Amino acid sequence: MLQKIKIDKELVRERFCRTLQSYGSNAVVQKGMARELMEMICLDEQNCTFERVLEVGSGSGLLMEELLGRCTVTDYYANDLVEESLSCLRKVIDRFAVEKFHFLAGDIENQYELPSNLDLVLSNATLQWLDDLDDFFRNMYDHLRPGGILAFSTFGTSNMREIASIEDIGLSYCPLRELEILAGRHFELISSREEELRIEFNSPESVLHHIRKTGVNGLLRSSWTKSRYQHFIAEYQRLFSSENGVYLTYNPIYCCLKKKLS
């Protein structure tokens, strides 16, 4: 039976901090999700001009680059658990005409002084690390202006199911319908969808390398023994072989919502 892990935010911070420099070149799925999310936002906001924007989980700047490459932003607030990500974000922000840039370091669930009257709150591949999504949606509602947009991508229940099936541990991913219900208490749903992507690797070892380079292994502090490692490699090869090696499933979810006017 799959063991749902309570998220250790400090461990998550450590793992993502280590992979800041390698994340952009290895997180191919997350990069595609950032593009898809911006397509969804720009479909609703045709002029794509925002005065005040908050990005949650800004990381190395994948979504920031997509947003600023398409939209005009006056005041940009970026939040991330990893304080060291600021240097990556500055490299992105310096290439665009943003009047004011603010970095809010720390866990978004413990940020007590967020900007108000926001036009847009957006987040890419981050919400799966939060403890209380209902509280998060309520908090973002409070800081958005009436008619403001909340747009996010995250992952669904099939995400990395190959890893979970062998290791019997995983995140408590939220199904799309449940996300719609939680967010729908405060927001009007504009659009939502999910997809499954099967990414191929030449070996199980390459899968583990990919996971380490993207920092998404921030679940347990315990190190693998040699026998555990060998068991994982053998089982992955046996169960999830493909024509070109082995595969790993991603289950991206996309939601775009608008704050109710009353």
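Considering only the stretch 111-134, state which residues are at positive phi and buried (at least 19 other Cβ atoms within 10 Å of the Cβ).
If we filter the stretch 111-134 for residues that are at positive phi, which is where we start, we get 117, 125.
Passing the criteria: only 125.
Each row is one residue, and each column tells you yes or no for (1) under 29 Å from residue 118 (Cα atoms); (2) surrounded by 16 or more Cβ atoms within 10 Å (Cβ to Cβ).
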position: 161; (1), (2): no, yes
position: 176; (1), (2): yes, yes
position: 184; (1), (2): yes, no
position: 187; (1), (2): yes, yes
position: 192; (1), (2): yes, yes
position: 201; (1), (2): no, yes
position: 206; (1), (2): no, no
position: 214; (1), (2): no, yes
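Evaluated against (1) in contact (Cβ under 8 Å) with a residue 60 or more places away in the chain; (2) buried (at least 18 other Cβ atoms within 10 Å of the Cβ); (3) under 16 Å from residue 258 (Cα atoms); (4) in contact with a Lys or Arg (Cβ under 8 Å, 6 or more places away or on another chain), residue 147 falls short on exactly one condition, (2). For the stretch 28-54, filtering for residues that are closer than 16 Å to residue 99 by Cα and of a type in the set (D, E, K, R) leaves 2. Within the stretch 45-77, which residues are in a loop (DSSP other than H, G, I, E, B) and closer than 30 Å to residue 9 by Cα? Answer for the stretch 45-77, where residues must be in a loop (DSSP other than H, G, I, E, B) and closer than 30 Å to residue 9 by Cα: 57, 58, 59, 60, 61.
Residue 177 fulfils the conditions (1) touching a strand residue (DSSP E or B) at 6+ places or on another chain (Cβ under 7 Å); (2) at pLDDT 95 or above except for a single criterion, (1).
Yes or no, residue by residue, for (1) modelled with pLDDT under 95; (2) within 30 Å of residue 246 (Cβ to Cβ); (3) β-branched (Val, Ile, Thr):
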{"position": "142", "(1), (2), (3)": "no, no, no"}
{"position": "167", "(1), (2), (3)": "yes, yes, no"}
{"position": "173", "(1), (2), (3)": "yes, yes, no"}
{"position": "194", "(1), (2), (3)": "no, yes, no"}
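None of 75, 135, 119, 131 is touching an Asp or Glu at 6+ places or on another chain (Cβ under 8 Å) and at pLDDT below 95 except 131. Within the stretch 83-133, restricting attention to residues that are small (Gly, Ala, Ser) and outside any strand (DSSP E or B), which residue is nearest to residue 183 (Cα to Cα)? Filtering the stretch 83-133 for residues that are small (Gly, Ala, Ser) and outside any strand (DSSP E or B), the one nearest to residue 183 (Cα to Cα) comes out as 125.
In summary, residue 234 fulfils each of the numbered conditions (1) crowded, with 17+ Cβ neighbours inside 10 Å; (2) of a type outside the set (D, E, K, R); (3) at pLDDT 95 or above with the single exception of condition (1). If you go through the stretch 199-222 and keep only what is among the polar types (S, T, N, Q) and either at pLDDT 75 or above or within 16 Å of the chain's Cα centre (by Cα) (or both), you end up with 202, 203, 206, 214, 217. Taking (1) farther than 26 Å from residue 139 by Cβ; (2) surrounded by fewer than 16 Cβ atoms within 10 Å (Cβ to Cβ); (3) in contact (Cβ under 8 Å) with a residue 60 or more places away in the chain in turn, residue 69 satisfies each apart from (3).
Residue 227 falls short on exactly one of the conditions (1) of a type in the set (Ser, Thr, Tyr); (2) free of Cβ contacts under 8 Å to residues at least 12 places away in the same chain; (3) buried (at least 21 other Cβ atoms within 10 Å of the Cβ), and that condition is (3).
The values are calculated or read from the model by the stated rules, or taken from the named source; none is laboratory data. Note that this is a predicted model, so its numbers are computed, not measured. Glycine also receives a Cβ, built like all others from the backbone with ideal geometry; neighbour counts cover every protein chain displayed.
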